[in-house]
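Heads up, the thing below is written out as structure tokens.
The values are calculated or read from the model by the stated rules, or taken from the named source; none is laboratory data. All values reported here derive from a predicted model rather than from experimental measurement. A quick note on method: Cβ atoms are made from the backbone with ideal geometry, for glycine too, and the neighbour counts reach across all protein chains shown.
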Amino acid sequence: MNEAPRAPSEPNLLSRLLTAFGYIMAVPLFFLAIRIVQEYERGVIFRLGRLVGARGPGLFFILPFVERMVKVDLRIVTMDVPRQDVITRDNVTVKVDAVVYFRVVNPEDAVTKVMDYFRATSLVAQTTLRSVLGQSDLDELLSKRDEVNQRLQHIIDESTEPWGIKVTIVEVRDVSLPADMINAMSRQAQAERERRAKVIHAEGEFEAAARLAEAGAVMAAEPATLQLRYLQTLTEIASERNSTVVFPIPIDLINMFISGRFAGADGGGGQPNAPRPIPRRTPEAPTPAEGS
């Protein structure tokens, strides 16, 4: 006789249904609970609205529907400060823009103590830029740029420190001056260059005069040096292939010829004819009157 098939037992059917239901529910829960944070990121975890802490980097799990994660980038952020109209302390209107380098050092404070740390840092940089440059002269802004940058970095860093933000560098990138101010500065620079040129020329003339005076003293002590200088000048003129050469005659040579002429006129006496002295008459004394 053929036996009738047996109906499956209720405990086995229930266990299979629970197992299938568990698999169905475990698959989405498993994918939602996995979190991966990169090396340059941190994950700030909130559990039922309360701060738990920062995690990462790497792979970790969170409880779905119970915990929430906010990722924070820890890399240095480069932020352009929009161009600002600034009036300096000496009442000159300039347009200035800058660049700010900052990074998050405390991700928990960056998430819980400020809504948007990027926008907040940008606004602080703008107001600080106008304030600090308004207290500086135009010459200080143009010539002492490093000191102005350090002052800006110190003030902005103090303002953003409670938010977990560290400002590393602040650089004033460009300073735009009005056209009339540029023309005035160019004229001032040209006048300064001309003044320096005149001073340098005067100093050169003074040194040249001093050297010529020393050379004259040497030539006066040694007359032969003047003749050597004549010969050197002749050599320099001849090297230039000139058709005419002017050679100065020493005064001593002329005096020698003059002395010889006077000696010949004396008749061989060997002494030049000296001019005869003109006798001078003395006025006669008045004769005394007779009978005085």
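A few comments on the model shown:
- Residues (in contact with a helix residue (DSSP H, G or I) (Cβ under 9 Å, 6 or more places away or on another chain) and in a loop (DSSP other than H, G, I, E, B)) located in region 106-134: ASN106, LYS113, VAL114
- Answer from GLU171, GLU161, GLU140 - the residue that is more than 18 Å from LYS95 (Cβ to Cβ), of a type in the set (Asp, Glu) and either surrounded by 14 or more Cβ atoms within 10 Å (Cβ to Cβ) or in contact with a Phe, Trp or Tyr (Cβ under 9 Å, 6 or more places away or on another chain) (or both): GLU161
- Test: residue in region 150-166 that is modelled with pLDDT under 90 and part of a strand (DSSP E or B): no
- Residue match in region 184-199 (condition: hydroxyl-bearing (Ser, Thr, Tyr), part of a helix (DSSP H, G or I), within 22 Å of LEU142 (Cα to Cα) and out of contact with any strand residue (DSSP E or B) (no Cβ under 7 Å at 6 or more places or on another chain)): yes
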